[in-house]
Amino acid sequence: LLAAGNITPEGVLDGNLILQGGGDPLLNTADIITLVAALPVKRITGKLLLDSSFFPAEIPARPPSWEADDLPWYYAAPVDAVSCAGDVILVNVTGTKAKQAAQVTLQPMTYLFTIENNAKTGAGAVSVTVADNVIKVSGSVPAGQTANQRICTPVPGSLAQEALRYAVQQRGIVVAGGESNPTPVKEIAKHESPPLREIITPMLKESDNHIAEQLRATMLARCRTELPLRFRSWALLTEATEPPATADNTRQWVDGSGLSRQNSFSPTRLAEYLLAAENKQLLRDALPVAGTDGTLAKRMADTCAQGVLCAKTGTMTGVCNIAGVTKTKSGESIVFVIMASGYAGTSAPVKKMQDELLVWVTEQ
């Protein structure tokens, strides 16, 4: 948290208050409130500003190859160096009295959207659609019950801006919003992100796209900065494993989460990265565990793979992948990558085939 201006003995910041981001994917409203609590002023003559310059301007908030149908939803939240609460908003639809309008609330509360509520109280299901910053709610929900849907903010950093405004208002600080001349900045308070081991665990276990995108943007901002941005991704990939002995046209890395259908890795290349990381206990501890937690909580339960096999899944329409490591009954560690794409129908039979094969491997 930075003060761009002098703070007078009377408690006036003669300038702007700036929230400068460092890419922390787990920053939340409570963290911003704590930062503002260290501000010793009663009035700000300037404005409340965000500084997102830590991420290079060439990094798009969302890759252009993401499909338009995905953009309103939580798993396609935009990246920003000052991201707050994952830039995700929970739409809650609560039944009131029979045949009466249901109640719609947003968490956190935000003025970024207009709500069109046509949902009623009664038996049935709720539908939520988002277009042009308008949330349309229809269908029905039983009295006393709440249905919810997660959407993302349309503007990068917007939740951080609202959280900063809220924190200042809670402190009773008056913001005049006037123009200020450029002045040296002074650090008021600093927030440290959790250590990486605490960040990658929810990313992998719950398949959190936003955390993955924030970490990729952070790596591109901090690593191999002597290279143009378009070359940094490849440099990072090459450093992760030995260069391939033959020409490699199987790798294409366009985002951090895998949401883009332009990402391309062969099973062999992905296995190379797993083999390079196999002895890193940190990574293995962060992966979902079969029949236990994360995206594998309900897969391979009550088999010899439960509690033994660790893997990351990757699923979208027509794509069902799983990659990780297991330990056989004979004590051998096996790295595996199974990729399936281009199939019709649901992923259920594909997952069943994958699970049966992996249980068989673990039994050996």
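Numbers at a glance
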item: Filtered residues of the range 130-141 (kept if touching a residue at least 40 places away in the same chain (Cβ under 8 Å) and loosely packed, with under 14 Cβ neighbours inside 10 Å); result: 131
item: Some residue of the range 157-170 being β-branched (Val, Ile, Thr) and within 11 Å of residue 48 (Cα to Cα); result: yes
item: Any chance residue 30 is farther than 30 Å from residue 141 by Cα, within 27 Å of the chain's Cα centre (by Cα) and without any contact (Cβ under 8 Å) to a residue 24 or more places away in the chain; result: yes
item: Elements of type strands (runs of 3 or more DSSP E) in the range 249-345, at least 3 residues being surrounded by fewer than 20 Cβ atoms within 10 Å (Cβ to Cβ) and in contact (Cβ under 8 Å) with a residue 60 or more places away in the chain; result: 333-341
item: In the range 120-144, residue farthest from residue 162 (Cα to Cα) [restricted to those that are in contact with a Ser or Thr (Cβ under 6 Å, 6 or more places away or on another chain) and hydrophobic (A, V, I, L, M, F, W, C)]; result: 143
item: Strands (runs of 3 or more DSSP E) fully within the range 41-118 counting 2 or more residues that are farther than 24 Å from residue 173 by Cα; result: 88-94, 103-107, 114-117
item: Counted residues, the range 106-142 - those being more than 18 Å from residue 87 (Cα to Cα) and among the polar types (S, T, N, Q); result: 6
item: Unique residue being surrounded by fewer than 19 Cβ atoms within 10 Å (Cβ to Cβ), of a type in the set (A, V, I, L, M) and either closer than 24 Å to residue 269 by Cα or without any contact (Cβ under 8 Å) to a residue 40 or more places away in the chain (or both) when the list is 220, 215, 227; result: 227
item: Hey, residue 125 more than 30 Å from residue 51 (Cα to Cα) and either surrounded by 14 or more Cβ atoms within 10 Å (Cβ to Cβ) or of a type outside the set (Ser, Thr, Tyr) (or both) or not; result: yes
item: Count - residues of the range 231-248 that are surrounded by fewer than 13 Cβ atoms within 10 Å (Cβ to Cβ) and at pLDDT 80 or above; result: 1
item: Some residue of the range 182-193 being assigned to a loop (DSSP other than H, G, I, E, B), among the hydrophobic types (A, V, I, L, M, F, W, C) and modelled with pLDDT under 90; result: no
item: Tabulated pairs, the range 154-168, first within 9 Å of residue 80 (Cβ to Cβ) and at pLDDT 95 or above, second polar (S, T, N, Q) and crowded, with 23+ Cβ neighbours inside 10 Å, C-beta under 9 angstrom, 6+ apart or interchain; result: 160/83
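This table checks each residue for (1) at pLDDT 90 or above; (2) small (Gly, Ala, Ser); (3) under 19 Å from residue 75 (Cβ atoms).
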| position | (1), (2), (3) |
| --- | --- |
| 278 | no, no, no |
| 283 | no, no, no |
| 288 | yes, no, yes |
| 294 | yes, yes, yes |
| 306 | yes, no, no |
| 314 | yes, yes, yes |
| 317 | yes, no, yes |
| 321 | yes, no, yes |
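The values are calculated or read from the model by the stated rules, or taken from the named source; none is laboratory data. If you're wondering where the values come from, they're calculated on a predicted model, not measured in any experiment. Please note: Cβ atoms are built from the backbone with ideal geometry, for glycine as well, and neighbour counts cover all protein chains shown.
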